[in-house]
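Let me begin by presenting the structure, written as structure tokens, before commenting on it.
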Amino acid sequence: MKGLMQHDALLVNRILERAVTMFPEQEIVTKAKDGVHRETFAAFGVRVNRLASALHALGVEPGDRVASFAFNTWRHQELYFAAPCMGAVLHTLNIRLHPDQIAWIVNHAEDRVICVDAALLPLLAVIAPKLTTVTHVVVMGECDRSALPKSLDYEELLAGAATTFAWPEPDEGDAAAMCYTSGTTGHPKGVVYSHRSTYLHAMAINLGSCLGLTDRDAVLPVVPMFHANAWGVPYAALMSGAKLVLAGAFSADPACLADLIEAERVTMTCGVPTVWTALLHYLEKTPRDLSSLRLVTVGGSAVPVSMIAAFKRLVGVDVVQGWGMTETGPVASLSTLTPEMEARPEAERFELRARQGRVIPGVRFRIRTGGGVDVPWDDQTMGELQVRGNWVAGSYYNDPTSGERFDDGWLRTGDIAVVDTNGSLRLVDRAKDLVKSGGEWISSVELESALVGHPDVLEAAVVGVPHEKWGERPLACVVLRPGVQTTSEELLVFLCTKVVKWWLPDEIVFITEVPKTSVGKYDKKVLRERFRERYGASA
């Protein structure tokens, strides 16, 4: 027997319709070099129509890829809707990748148009001769366009375009957006989000048990819009009617972030740990009124308990750790607490919030040993985390090796995890980052979290270094806060109270900065290469 309910396609178009008709006076606010730019949802809707008209006039057809090479701005947000709603595919390009890698991605995706922020035009001009499928480059903002004399001006295109556009009705399974993985080994892989997956992901993270966004919120996604669709927030915010606050090119400036949170009364913000480390360091010296915040979401890499405690002490706000990947839409789990967890002592609550938490509705998970057996929920037995769900990739774009990353339809994440009796996940490490010493596994993540709990440590990265006797031993690379004189011996004594003795690093070296990937994660392969002969053994 079939149900007798109507079917209305789950489309990005529906998010746009709701935003401009139900919340016309709500704002998109962007920090710009000359002040703050404000745009109501109603004005946004008109500009999105103009942009779709302009792209159509440039020859963009359904299925064509429209790339963005941009910071978090109102124009980038307009692209987020114009491209998919007209049946094209938004392809967000990572501005921090090596130029050769960017060129490879553009050509692999077969991008037809690239919309680039004015400040980034010189970078794009370097690779422009290598781009084989791009027919137009559109510059967003005023600048000298002589580096690409045939480029077009975004505002001029919109000014000459129609204010209405005959929106098509895409199939909900059609592609809405593309994003490529960071490609730490080999070429990046293309993940293609559908209209359906994008819509369902926005609905899920707006649930009260997740981020709970409503039209009473002001949301600041510090995570770049080129990184897994800014964790879906640009779509979720407009669906819920929340004010959207964007940091432009200033997301790495803690004073600017504090200004935005304070002035726009931001209630929820999200970003990677390195961003929040800088903000907390700034707040230690410069107290600000960030009392509007009700939630800080952190993802991208493990969140130390010390960061969660610092946010509570300095701002009075709870931190929720999120876990996901480009391939998972991206949000797959959150460390939101149940009522029973909320009743526990503060120290226990901090530990629970430092976990990756429970998968959100719409996602399923399993943790499997190398032998293909599901691990018990004992918070001890480790295995590879595998997921599937409504916004989890089923394959990679135009990649014949896709099958290697899937097990009977389950995405193999490459993360090693344990799960407790409440279904709360804790990632032990990336499979490639575990240190195997004397046949036993050591978690680099847990060592790093323990180290940054020391008040003098700003950053810490732990890598496995080849060792003749033990196979590998952990080496800790530490960045100290400015002006302190802590020694490696003092840090090892501190660690003795946090981890078992055989986990202790053989050595702690002090470095000026932990190398990072294009999305702000620790780039441990650089450290492994730098120190691979530290103990006189070859890999």
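All of the numbers you see were taken from the coordinates with simple rules; none came from a lab. Note that the structure is a prediction, hence the values are computed from the model and not measured. Heads up, the Cβs are rebuilt from the backbone with ideal geometry, glycines too, and the neighbour counts pull from every protein chain shown.
Data for the structure
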item: Top positive-direction residue, dipole computed over the stretch 113-259 with Cβ charges, set Ser194, Ala247, Thr181; result: Thr181
item: Degrees separating the helix 41-57 axis from the principal Cα axis of the chain, which is the longest one; result: 70 degrees
item: For the chain, with +1 on Lys and Arg beta carbons and -1 on Asp and Glu, the positive-most of Phe531, Ala204, Cys143 along the dipole; result: Phe531
item: Low-density loop positions, GluC sites (Glu not before Pro), the stretch 434-526 - DSSP coil, at most 14 other Cβ in 10 Å; result: Glu468, Glu513
item: Pairwise centroid distance, computed over Cα atoms, of the stretch 351-379 with the stretch 449-498, Å; result: 28 Å
item: Of Lys189/Lys525; Lys436/Lys524; Lys31/Lys243; Lys189/Lys432; Lys189/Lys521; Lys469/Lys516, pairs whose Cα-Cα distance is over 22 Å; result: Lys469/Lys516
item: C-alpha long axis of helix 305-314 to longest principal axis of the chain, angle in °; result: 60 degrees
item: Chain lengthening between Arg366 and Phe510 when straightened (0.36 nm per residue, less Cα-Cα); result: 48.0 nm
item: Charge dipole magnitude, Cβ of K and R +1, D and E -1 - the stretch 156-277, Cα centre, debye nearest 20; result: 280 debye
item: MRE, 222 nm, helices only [DSSP H, n ≥ 4, -39500 (n - 2.57), over the chain, to nearest 500]; result: -8000 deg cm²/dmol
item: Local electrostatic count at Ala431 - Lys and Arg +1, Asp and Glu -1, tallied over other residues with Cβ under 13 Å; result: +3
item: Acute angle (nearest 10 degrees) that the helix 195-205 long axis makes with the longest principal axis of the chain, alpha-carbon atoms; result: 50 degrees
item: Residue exposure sequence - Ser209, Ser240 - by fewest surrounding Cβ within 10 Å; result: Ser209, Ser240
item: Footprinting exposure proxy for Leu207, Leu93, Leu290, Leu504 (fewest neighbouring C-beta atoms within 10 Å first); result: Leu207, Leu504, Leu290, Leu93
